[in-house]
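Engineer: Sharing a structure with you now.
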Amino acid sequence: MNNTFNLKRFIMLFKKHGAEHAKIYLLSIVVLAGIIFLVLGTTSFSNHRHLAQAAQQAIFSLTLWIAGSIFTSLSFADLGDKKKAAGILTLPASQLEKYLVAWLYSFILFQLIFIAIFYFADWIVISISIPPAGFERNHLFSLLYGRNIFGRDGLSFDTFIIYAFFHAFTFWGSIFFEKLHFVKTAVVFIVLVVILIFANETLLSAFISSEPVRNVPFEGFSYVGDGRIYRIPPNSFVSWLGKIIMYAVVATLWLSAYYRLKEKQV
């Protein structure tokens, strides 16, 4: 039998994980659905029962990133408990299989379930929200068509790319840190973001005499000139370069998390 990966053993481990965490997962689904419904409902009724598609997209993205990050940060929380960690590490399955089970539940299954929950809650809110005369009729936002949260047309790849980054970072943190996984990972993330923003602004200031305005790497350049704010959009090469770097960072974090898990092998 292959000691690295065996399909039958992997399926058994996948089912075992689902059976052991079924109650907490179901409870989490109910809580998540309630939060989404509450946020959508509050947004709708605070705007005369009108729920714009842009607002739906923004709520979808933000709740996906936040809820997904919290859920992912708990993927290997038991490794911080010596008693539970011993049982996990001595389980007759390879580290790769344990890693893949946690990855599938936190990345693939979470997104599929989240989409289903969100659209169900969104459909209910829209069904009971009838805007007054003069307001546009409510419509469910589409992941395939229309403008996404970043103002671009088509499938909301940006939302899922960013989720992949958040997942990779918190997945790595859940293995790397033994206690307070989410808090410690969030602190590291904030520090890195501050450093990145500072480095980006410093680099831009060194090349351009005009004052830069809160620029995001690979997303164009905004600057102040003659009392006005001007924006230079990124060309296709810069946009794709940014995505390639993002993919590389995500893959590196996932790979790093796997090797960190292997180091914990007894």
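Engineer: Exposure proxy check: Asp158, Asp122 ranked by fewest other beta carbons within 10 Å?
Structural biologist: Details: Asp158 17, Asp122 21.
Ascending number of Cβ neighbours within 10 Å: Asp158, Asp122.
Engineer: Additional query: I need Val194, Val250, Val188, Val125 ordered by Cβ neighbour count within 10 Å, fewest first.
Structural biologist: Fewest-to-most Cβ neighbours within 10 Å comes out as Val194, Val188, Val250, Val125.
Engineer: Starting from a Cα-only point model with no solvent, please compute log10 I(q)/I(0) by Debye for region 1-62 at q = 0.20, 0.22, 0.26, 0.28 1/Å.
Structural biologist: With no solvent term, the Cα-only Debye profile gives -0.80, -0.87, -1.02, -1.08.
Engineer: Can you sort Arg137, Arg49 so the residue with the fewest Cβ neighbours within 10 Å comes first?
Structural biologist: Numbers: Arg137 8, Arg49 17.
Lowest count first: Arg137, Arg49.
Engineer: Among Lys16/Lys98; Lys98/Lys184; Lys16/Lys262, which pairs are too far apart, with a Cα-Cα distance over 19 Å?
Structural biologist: With Cα atoms farther than 19 Å apart: Lys98/Lys184; Lys16/Lys262.
Engineer: Each label point is 7 Å from the Cα along the Cα-to-Cβ direction; what then is the distance between the points at Ala199 and Lys8, in nm?
Structural biologist: Distance between the two pseudo-spin positions: 4.9 nm.
Throughout, read-outs are computed from the coordinates displayed, never taken from laboratory work. Quick caveat: nothing in here was measured; it's all calculated off a predicted structure. Here the Cβ is made from the backbone with ideal geometry for all residues, glycine too, and neighbour counts use every protein chain on show.
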